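One structure is given below, encoded as structure tokens.
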Amino acid sequence: MIMSEGRLQSSVLKYLNSLPRCMAENVSGNASQSGRSDINACYKGHCLKIELKENEDGYQATQQQKLYLKQWAAAGAKTGVCYSVKDVKALLKEIDDEIQGRND
């Protein structure tokens, strides 16, 4: 089942905000703020910038959105274009794996 971007955003926010040590918010912007990610979050002290898209078949991040994510990644944020809650969970797993690697 393909989920609309609005429903996906609600599901992702609900999931992220249900996790311990996680805070997430949607980013509502105007035309002068185009290109910003849909969700800003902090998970276990790590900055997340997430761009959401409806499905892998038809919708992709714009060049402006990709540049925005690249700039945040260069500053140390975890970034991603996500098509599902499962994709968001994969981003969080990357953070958990990095944390675990530092603790080994």
Query - Relative contact order of the chain, pairs being alpha-carbon contacts under 8 Å that are 6 or more residues apart, as % - result: 24
Report task. Using just the helices of the chain, give the 222 nm mean residue ellipticity in deg cm²/dmol: DSSP H runs with n ≥ 4 each add -39,500 (n - 2.57), and the total is spread over all residues, rounded to 500. Result -> -14000 deg cm²/dmol
Report task. Work through the residues other than ALA24 whose Cβ is under 15 Å from its Cβ and net out their charges, Lys, Arg +1 and Asp, Glu -1. Result -> +3
Requested in this report: Would you please give the residues with an amide H less than 5 Å from that of CYS47, counting only those at least 5 places away or on a separate chain, with H modeled from the backbone geometry?
Outcome: LYS78
Report task. Give me D for the range 1-90 in µm² s⁻¹, whole number, from Stokes-Einstein with Rh from the Kirkwood sum over alpha-carbon pairs, 25 °C and 0.890 mPa s. Result -> 186
Query - Order of ARG36, ARG102 - criterion: other Cβ atoms within 10 Å of each residue's Cβ, fewest first - result: ARG102, ARG36
Query - For the range 5-99, share of DSSP beta bridges that run antiparallel, in % to the nearest 5 - result: 65
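Read-outs throughout are calculated quantities, based only on the coordinates presented, and are distinct from any laboratory measurement. In this text the structure is predicted, and so the values were computed from the model without any measurement. Note that we place each Cβ from the backbone using ideal geometry, even for glycine, and neighbour counts take in every protein chain shown.
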